[in-house]
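Working notes, structure below.
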Amino acid sequence: MLLDRDRIHGYTINEDIRKFDFFFKTIRESFETGRTFMSCIRITRVFEDQTVELKNNRLIYYKGGNSHSKTLKNMNEVESAVKNELMMPRCPIKKAIKILEQVTQQNFFKEKKYPEEY
């Protein structure tokens, strides 16, 4: 991701293939209590004209320096957003939410308090 012409976020691809052992500690730590990996759903897609992000049941649109969001109230709205807004029709979002609910022991659609701005 660039801001003006400066890289502010991104990933570097290493030419050398790393062995599984290199990732073991990171994978193990990602399952620890309180880690983001097992505590929320987060999908971000960067498009040519905007970025769209799903954080749990909040869909956020970023364009330029502005953002707006909406709360998705049920599974049909989440599935539609993932398919049509994030353009990921094969994403197994329903299954991911079911697993998240089992791990967190919380209803995915229970009311959450979000800040007005992201």
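The values are calculated or read from the model by the stated rules, or taken from the named source; none is laboratory data. The structure displayed is predicted, hence computed values, not measured ones. FYI the Cβ positions are ideal-geometry reconstructions off the backbone, even for glycines, and counts take in every protein chain you see.
The table below gives the values:
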quantity	calculated
Number of positions in the range 51-78 that are among the polar types (S, T, N, Q) and surrounded by fewer than 14 Cβ atoms within 10 Å (Cβ to Cβ)	4
Selected residue (only one of Thr26, Thr33, Thr44 is loosely packed, with under 15 Cβ neighbours inside 10 Å, among the hydroxyl-bearing types (Ser, Thr, Tyr) and in a helix (DSSP H, G or I))	Thr26
Yes/no for Val52 being touching a strand residue (DSSP E or B) at 6+ places or on another chain (Cβ under 9 Å), within 29 Å of Ile8 (Cα to Cα), assigned to a strand (DSSP E or B) and β-branched (Val, Ile, Thr)	yes
Residue in the range 102-110 that is of a type in the set (D, E, K, R), at pLDDT below 95 and either under 28 Å from Leu3 (Cα atoms) or part of a helix (DSSP H, G or I) (or both) present	no
Subset of the range 86-99 [under 13 Å from the mean Cα position of the chain (by Cα) and part of a helix (DSSP H, G or I)]	Ile93, Ala96, Ile97
Residue count, the range 54-108 (criterion: within 24 Å of Met38 (Cβ to Cβ) and either of a type in the set (A, V, I, L, M) or touching a Lys or Arg at 6+ places or on another chain (Cβ under 6 Å) (or both))	19
